[in-house]
Amino acid sequence: MSIAITTQIICFTVLSLVILVGALGVVLLESIVYSAFLLGGVFMSVAGLYLLLNASFVAAAQVLVYVGAVNVLIIFAIMLVNKKEDLKPINDIKSRRIISTSICLTLLSLLIRVDLTNVWSLSSPQNSIGEESTIRIGEHLFSDYLLPFEVASVLLLMAMIGAIVLARRDVMSNDISTGLPVDQELIEKSSEPLLTNKN
Amino acid sequence: MMHLESIPIQAFLIVSSALFCIGIWGLLNSRNAVRVLMSIELMLNAVNINLMTFSSYIDNNLIQGQVFTIFVITVAAAEAAVGLAILLSLYRNRVTVDMESFNLLKW
(Lines give C-alpha, C1' and ligand atoms only; values in the text may rest on other atoms or scores of the structure.)
Protein backbone atom coordinates (compact mmCIF):
# COMPACT_ATOMS: atom_id res chain seq x y z
CA MET A 1 0.00 0.00 0.00
CA SER A 2 1.37 3.38 -0.97
CA ILE A 3 -0.20 5.39 1.85
CA ALA A 4 2.13 6.67 4.55
CA ILE A 5 2.09 4.69 7.78
CA THR A 6 0.84 7.61 9.88
CA THR A 7 -2.15 8.07 7.60
CA GLN A 8 -2.85 4.34 7.75
CA ILE A 9 -2.81 4.37 11.54
CA ILE A 10 -5.13 7.37 11.69
CA CYS A 11 -7.54 5.75 9.22
CA PHE A 12 -7.43 2.46 11.11
CA THR A 13 -8.11 4.12 14.47
CA VAL A 14 -11.04 6.12 13.17
CA LEU A 15 -12.56 3.15 11.35
CA SER A 16 -12.14 0.84 14.35
CA LEU A 17 -13.74 3.37 16.67
CA VAL A 18 -16.68 3.78 14.30
CA ILE A 19 -17.04 -0.01 14.02
CA LEU A 20 -16.95 -0.70 17.75
CA VAL A 21 -19.07 2.27 18.88
CA GLY A 22 -21.52 1.62 16.05
CA ALA A 23 -21.78 -2.05 16.94
CA LEU A 24 -22.41 -1.18 20.59
CA GLY A 25 -25.10 1.23 19.42
CA VAL A 26 -26.66 -1.50 17.28
CA VAL A 27 -27.11 -3.81 20.24
CA LEU A 28 -27.79 -1.23 22.95
CA LEU A 29 -30.00 1.50 21.47
CA GLU A 30 -33.69 1.52 22.30
CA SER A 31 -34.90 2.49 18.84
CA ILE A 32 -34.54 -0.29 16.30
CA VAL A 33 -34.48 2.21 13.41
CA TYR A 34 -31.40 3.95 14.80
CA SER A 35 -29.83 0.52 15.17
CA ALA A 36 -30.46 -0.25 11.51
CA PHE A 37 -28.85 2.97 10.31
CA LEU A 38 -25.89 2.50 12.66
CA LEU A 39 -25.52 -0.98 11.21
CA GLY A 40 -25.14 0.62 7.78
CA GLY A 41 -22.36 2.81 9.20
CA VAL A 42 -20.62 -0.25 10.64
CA PHE A 43 -20.80 -2.00 7.25
CA MET A 44 -19.29 1.05 5.53
CA SER A 45 -16.45 1.20 8.05
CA VAL A 46 -15.74 -2.49 7.57
CA ALA A 47 -15.47 -1.77 3.84
CA GLY A 48 -12.96 0.94 4.75
CA LEU A 49 -10.91 -1.62 6.70
CA TYR A 50 -10.92 -3.85 3.62
CA LEU A 51 -9.52 -0.96 1.59
CA LEU A 52 -6.75 -0.60 4.19
CA LEU A 53 -6.02 -4.29 3.64
CA ASN A 54 -5.52 -3.81 -0.13
CA ALA A 55 -8.76 -5.47 -1.13
CA SER A 56 -10.71 -3.06 -3.28
CA PHE A 57 -12.95 -5.68 -4.87
CA VAL A 58 -14.15 -7.13 -1.57
CA ALA A 59 -14.70 -3.60 -0.25
CA ALA A 60 -16.91 -2.84 -3.23
CA ALA A 61 -18.77 -6.12 -2.77
CA GLN A 62 -19.23 -5.31 0.92
CA VAL A 63 -20.74 -1.91 0.13
CA LEU A 64 -22.99 -3.31 -2.61
CA VAL A 65 -24.24 -6.40 -0.80
CA TYR A 66 -24.33 -5.32 2.83
CA VAL A 67 -25.19 -1.63 2.63
CA GLY A 68 -27.15 -1.87 -0.60
CA ALA A 69 -29.06 -5.09 -0.03
CA VAL A 70 -28.94 -6.49 3.50
CA ASN A 71 -29.34 -3.16 5.27
CA VAL A 72 -32.19 -2.07 3.02
CA LEU A 73 -33.84 -5.45 3.59
CA ILE A 74 -33.53 -5.00 7.36
CA ILE A 75 -35.02 -1.51 7.18
CA PHE A 76 -37.92 -2.87 5.13
CA ALA A 77 -38.48 -5.63 7.69
CA ILE A 78 -38.49 -3.06 10.49
CA MET A 79 -41.06 -1.04 8.55
CA LEU A 80 -43.27 -4.10 8.10
CA VAL A 81 -43.16 -5.31 11.69
CA ASN A 82 -42.93 -1.94 13.38
CA LYS A 83 -45.53 -2.08 16.07
CA LYS A 84 -45.24 -0.39 19.41
CA GLU A 85 -45.67 -3.10 21.95
CA ASP A 86 -45.05 -3.27 25.64
CA LEU A 87 -42.74 -6.17 26.25
CA LYS A 88 -43.61 -8.42 29.11
CA PRO A 89 -40.99 -8.05 31.83
CA ILE A 90 -38.83 -11.08 32.49
CA ASN A 91 -38.30 -12.08 36.08
CA ASP A 92 -34.68 -13.18 35.98
CA ILE A 93 -33.47 -10.55 33.53
CA LYS A 94 -30.70 -9.41 35.89
CA SER A 95 -29.10 -12.82 36.24
CA ARG A 96 -29.42 -13.40 32.49
CA ARG A 97 -27.63 -10.13 31.77
CA ILE A 98 -24.88 -10.93 34.24
CA ILE A 99 -24.34 -14.43 32.88
CA SER A 100 -24.35 -13.41 29.21
CA THR A 101 -22.09 -10.41 29.82
CA SER A 102 -19.60 -12.50 31.74
CA ILE A 103 -19.61 -15.14 29.00
CA CYS A 104 -18.95 -12.47 26.36
CA LEU A 105 -16.19 -10.82 28.39
CA THR A 106 -14.53 -14.17 29.04
CA LEU A 107 -14.65 -15.03 25.35
CA LEU A 108 -13.28 -11.60 24.49
CA SER A 109 -10.37 -11.90 26.89
CA LEU A 110 -9.62 -15.38 25.58
CA LEU A 111 -9.63 -14.20 21.97
CA ILE A 112 -7.49 -11.16 22.74
CA ARG A 113 -5.03 -13.34 24.62
CA VAL A 114 -4.75 -15.64 21.61
CA ASP A 115 -4.35 -12.62 19.31
CA LEU A 116 -1.54 -11.17 21.39
CA THR A 117 0.40 -14.25 22.47
CA ASN A 118 0.36 -16.29 19.28
CA VAL A 119 3.37 -15.79 17.00
CA TRP A 120 1.97 -15.21 13.53
CA SER A 121 4.13 -16.36 10.65
CA LEU A 122 3.77 -13.22 8.60
CA SER A 123 4.79 -13.36 4.99
CA SER A 124 7.02 -10.67 3.60
CA PRO A 125 5.18 -7.66 2.20
CA GLN A 126 7.32 -7.88 -0.94
CA ASN A 127 5.15 -10.77 -2.12
CA SER A 128 2.05 -8.64 -1.90
CA ILE A 129 0.12 -8.49 -5.13
CA GLY A 130 -1.67 -5.29 -4.10
CA GLU A 131 -3.89 -3.96 -6.82
CA GLU A 132 -3.85 -7.23 -8.76
CA SER A 133 -6.07 -8.85 -6.16
CA THR A 134 -9.21 -8.50 -8.28
CA ILE A 135 -7.57 -10.44 -11.13
CA ARG A 136 -6.40 -13.08 -8.68
CA ILE A 137 -9.90 -13.46 -7.18
CA GLY A 138 -11.32 -13.97 -10.66
CA GLU A 139 -8.71 -16.64 -11.39
CA HIS A 140 -9.54 -18.40 -8.12
CA LEU A 141 -13.28 -18.29 -8.78
CA PHE A 142 -12.91 -19.90 -12.19
CA SER A 143 -10.27 -22.48 -11.37
CA ASP A 144 -9.89 -24.02 -7.91
CA TYR A 145 -13.05 -22.48 -6.42
CA LEU A 146 -15.29 -23.19 -9.38
CA LEU A 147 -17.49 -25.74 -7.58
CA PRO A 148 -18.19 -23.52 -4.53
CA PHE A 149 -18.90 -20.67 -6.93
CA GLU A 150 -21.53 -22.69 -8.76
CA VAL A 151 -22.98 -24.05 -5.52
CA ALA A 152 -23.24 -20.47 -4.25
CA SER A 153 -25.35 -19.55 -7.26
CA VAL A 154 -27.69 -22.47 -6.56
CA LEU A 155 -27.81 -21.41 -2.90
CA LEU A 156 -28.83 -17.88 -3.89
CA LEU A 157 -31.58 -19.28 -6.12
CA MET A 158 -32.88 -21.47 -3.30
CA ALA A 159 -32.76 -18.57 -0.86
CA MET A 160 -34.69 -16.38 -3.28
CA ILE A 161 -37.42 -18.96 -3.82
CA GLY A 162 -37.52 -19.77 -0.11
CA ALA A 163 -37.85 -16.14 0.87
CA ILE A 164 -40.71 -15.63 -1.59
CA VAL A 165 -42.53 -18.75 -0.42
CA LEU A 166 -42.11 -17.88 3.25
CA ALA A 167 -43.01 -14.22 3.05
CA ARG A 168 -46.00 -14.21 0.75
CA ARG A 169 -49.56 -14.59 1.87
CA ASP A 170 -51.19 -17.88 1.01
CA VAL A 171 -52.60 -17.53 -2.48
CA MET A 172 -52.91 -20.87 -4.21
CA SER A 173 -54.46 -21.65 -7.53
CA ASN A 174 -56.35 -24.65 -6.23
CA ASP A 175 -57.83 -25.40 -2.90
CA ILE A 176 -55.75 -28.09 -1.27
CA SER A 177 -58.61 -30.21 0.04
CA THR A 178 -61.23 -29.84 -2.67
CA GLY A 179 -59.14 -29.13 -5.76
CA LEU A 180 -61.46 -26.34 -6.86
CA PRO A 181 -59.95 -23.13 -8.22
CA VAL A 182 -59.90 -20.36 -5.65
CA ASP A 183 -60.19 -16.61 -5.91
CA GLN A 184 -56.84 -15.17 -7.03
CA GLU A 185 -56.65 -12.00 -5.07
CA LEU A 186 -53.16 -10.76 -4.53
CA ILE A 187 -54.39 -7.89 -2.41
CA GLU A 188 -53.37 -7.88 1.23
CA LYS A 189 -56.19 -9.42 3.16
CA SER A 190 -56.58 -9.18 6.86
CA SER A 191 -56.45 -12.66 8.23
CA GLU A 192 -56.80 -13.93 11.74
CA PRO A 193 -53.44 -14.63 13.34
CA LEU A 194 -53.24 -18.34 13.94
CA LEU A 195 -51.38 -18.68 17.18
CA THR A 196 -51.97 -15.52 19.19
CA ASN A 197 -53.88 -17.00 22.08
CA LYS A 198 -51.75 -20.06 22.56
CA ASN A 199 -49.22 -18.99 25.06
CA MET B 1 8.56 5.94 19.39
CA MET B 2 8.99 2.64 17.70
CA HIS B 3 9.07 2.51 13.98
CA LEU B 4 6.29 0.62 12.25
CA GLU B 5 6.24 -0.63 8.70
CA SER B 6 2.55 -1.36 8.69
CA ILE B 7 -0.33 -1.70 11.11
CA PRO B 8 0.30 -4.75 13.32
CA ILE B 9 -1.90 -7.75 12.58
CA GLN B 10 -2.94 -7.88 16.22
CA ALA B 11 -4.81 -4.58 15.89
CA PHE B 12 -7.09 -5.97 13.20
CA LEU B 13 -7.58 -9.21 15.12
CA ILE B 14 -8.54 -7.39 18.32
CA VAL B 15 -11.08 -5.24 16.47
CA SER B 16 -12.63 -8.33 14.93
CA SER B 17 -12.68 -10.16 18.29
CA ALA B 18 -14.42 -7.24 19.95
CA LEU B 19 -16.95 -7.00 17.12
CA PHE B 20 -17.65 -10.73 17.39
CA CYS B 21 -18.23 -10.51 21.15
CA ILE B 22 -20.54 -7.52 20.75
CA GLY B 23 -22.48 -9.58 18.21
CA ILE B 24 -22.77 -12.51 20.61
CA TRP B 25 -23.92 -10.21 23.41
CA GLY B 26 -26.59 -8.73 21.15
CA LEU B 27 -27.66 -12.19 20.03
CA LEU B 28 -28.14 -13.33 23.62
CA ASN B 29 -29.76 -10.21 24.99
CA SER B 30 -32.00 -8.80 22.26
CA ARG B 31 -35.73 -9.16 22.60
CA ASN B 32 -36.50 -7.79 19.15
CA ALA B 33 -36.11 -10.46 16.46
CA VAL B 34 -34.82 -7.92 13.91
CA ARG B 35 -32.03 -6.96 16.28
CA VAL B 36 -31.07 -10.63 16.59
CA LEU B 37 -30.62 -10.75 12.81
CA MET B 38 -28.53 -7.58 12.96
CA SER B 39 -26.31 -9.17 15.62
CA ILE B 40 -25.77 -12.17 13.36
CA GLU B 41 -24.68 -9.78 10.59
CA LEU B 42 -22.21 -8.15 13.00
CA MET B 43 -20.72 -11.54 13.84
CA LEU B 44 -20.40 -12.45 10.16
CA ASN B 45 -18.62 -9.16 9.55
CA ALA B 46 -16.20 -9.90 12.36
CA VAL B 47 -15.39 -13.23 10.75
CA ASN B 48 -14.90 -11.48 7.42
CA ILE B 49 -12.45 -9.00 8.94
CA ASN B 50 -10.51 -11.94 10.36
CA LEU B 51 -10.38 -13.72 7.00
CA MET B 52 -9.31 -10.57 5.19
CA THR B 53 -6.61 -9.83 7.76
CA PHE B 54 -5.06 -13.27 7.49
CA SER B 55 -5.35 -13.16 3.71
CA SER B 56 -3.49 -9.87 3.63
CA TYR B 57 -0.80 -10.56 6.25
CA ILE B 58 -0.09 -14.28 5.92
CA ASP B 59 -1.29 -15.32 2.47
CA ASN B 60 -0.79 -12.14 0.50
CA ASN B 61 0.20 -13.88 -2.68
CA LEU B 62 -2.66 -16.35 -3.13
CA ILE B 63 -5.33 -14.32 -1.22
CA GLN B 64 -7.61 -17.30 -0.67
CA GLY B 65 -9.09 -15.47 2.33
CA GLN B 66 -10.58 -12.87 0.02
CA VAL B 67 -12.31 -15.58 -2.00
CA PHE B 68 -13.70 -17.05 1.21
CA THR B 69 -14.90 -13.60 2.23
CA ILE B 70 -16.81 -13.33 -1.05
CA PHE B 71 -18.51 -16.65 -0.29
CA VAL B 72 -19.32 -15.58 3.27
CA ILE B 73 -20.88 -12.36 1.94
CA THR B 74 -22.99 -14.45 -0.48
CA VAL B 75 -24.19 -16.79 2.25
CA ALA B 76 -24.87 -13.84 4.57
CA ALA B 77 -27.07 -12.22 1.95
CA ALA B 78 -29.04 -15.45 1.49
CA GLU B 79 -29.29 -15.86 5.25
CA ALA B 80 -30.61 -12.32 5.71
CA ALA B 81 -33.26 -12.79 3.03
CA VAL B 82 -34.53 -16.10 4.41
CA GLY B 83 -34.27 -14.92 8.02
CA LEU B 84 -36.32 -11.82 7.39
CA ALA B 85 -38.90 -13.85 5.46
CA ILE B 86 -39.21 -16.22 8.44
CA LEU B 87 -39.52 -13.16 10.67
CA LEU B 88 -42.38 -11.77 8.56
CA SER B 89 -44.11 -15.14 8.66
CA LEU B 90 -43.70 -15.30 12.44
CA TYR B 91 -45.04 -11.78 12.82
CA ARG B 92 -48.06 -12.69 10.74
CA ASN B 93 -48.85 -15.63 12.99
CA ARG B 94 -48.05 -14.20 16.43
CA VAL B 95 -48.33 -10.40 15.91
CA THR B 96 -45.17 -9.77 17.85
CA VAL B 97 -41.43 -9.77 17.30
CA ASP B 98 -40.60 -10.42 20.93
CA MET B 99 -38.14 -13.30 21.13
CA GLU B 100 -39.62 -14.41 24.46
CA SER B 101 -42.96 -15.22 22.86
CA PHE B 102 -41.53 -17.63 20.27
CA ASN B 103 -41.62 -20.59 22.62
CA LEU B 104 -43.60 -23.21 20.73
CA LEU B 105 -40.62 -25.54 20.60
CA LYS B 106 -39.87 -25.24 24.31
CA TRP B 107 -40.12 -28.54 26.13
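The values are calculated or read from the model by the stated rules, or taken from the named source; none is laboratory data. Only a predicted model underlies this, so the values are computations on that prediction, with no experimental measurement involved. Reconstructed Cβ throughout: ideal geometry from the backbone, glycine too, with neighbour counts over all protein chains shown.
Among the residues of the range B:30-39, those identified as closer than 19 Å to A:T101 by Cβ, part of a helix (DSSP H, G or I) and facing another protein chain (nearest Cβ under 7 Å) are B:R35, B:M38, B:S39. Looking at the structure I just gave you, is A:G68 surrounded by fewer than 20 Cβ atoms within 10 Å (Cβ to Cβ), modelled with pLDDT of 95 or more and of a type in the set (G, A, S)? No; evaluated as a whole, the condition is false for this residue. When the range A:154-168 is filtered for residues that are within 7 Å of another protein chain (Cβ to nearest Cβ) and either of a type outside the set (A, V, I, L, M) or surrounded by fewer than 12 Cβ atoms within 10 Å (Cβ to Cβ) (or both), only A:G162 remains.
When each of A:A47, A:A23 is tested for being closer than 17 Å to B:G23 by Cβ, modelled with pLDDT of 95 or more and aliphatic (A, V, I, L, M), the lone residue that passes is A:A23. Condition first: more than 27 Å from A:H140 (Cα to Cα), modelled with pLDDT of 95 or more and at the interface with chain A (Cβ under 7 Å from one of its Cβ atoms). Can you find one or more residues in the range B:40-63 that meet it? The answer is no; no qualifying residue exists.
For (1) at the interface with chain B (Cβ under 10 Å from one of its Cβ atoms); (2) over 21 Å from B:I7 (Cβ atoms); (3) of a type in the set (S, T, N, Q), each residue gets a yes or a no:
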{"position": "A:F12", "(1), (2), (3)": "yes, no, no"}
{"position": "A:L53", "(1), (2), (3)": "yes, no, no"}
{"position": "A:A60", "(1), (2), (3)": "no, yes, no"}
{"position": "A:L64", "(1), (2), (3)": "yes, yes, no"}
{"position": "A:V70", "(1), (2), (3)": "yes, yes, no"}
{"position": "A:I74", "(1), (2), (3)": "yes, yes, no"}
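Given the structure, is B:I22 of a type in the set (A, V, I, L, M) and assigned to a loop (DSSP other than H, G, I, E, B)? Taking the combined requirement at face value, the residue does not satisfy it.
Assessment of the range B:77-89 against the conditions (of a type in the set (G, A, S) and under 22 Å from A:V18 (Cα atoms)) yields no matching residue.
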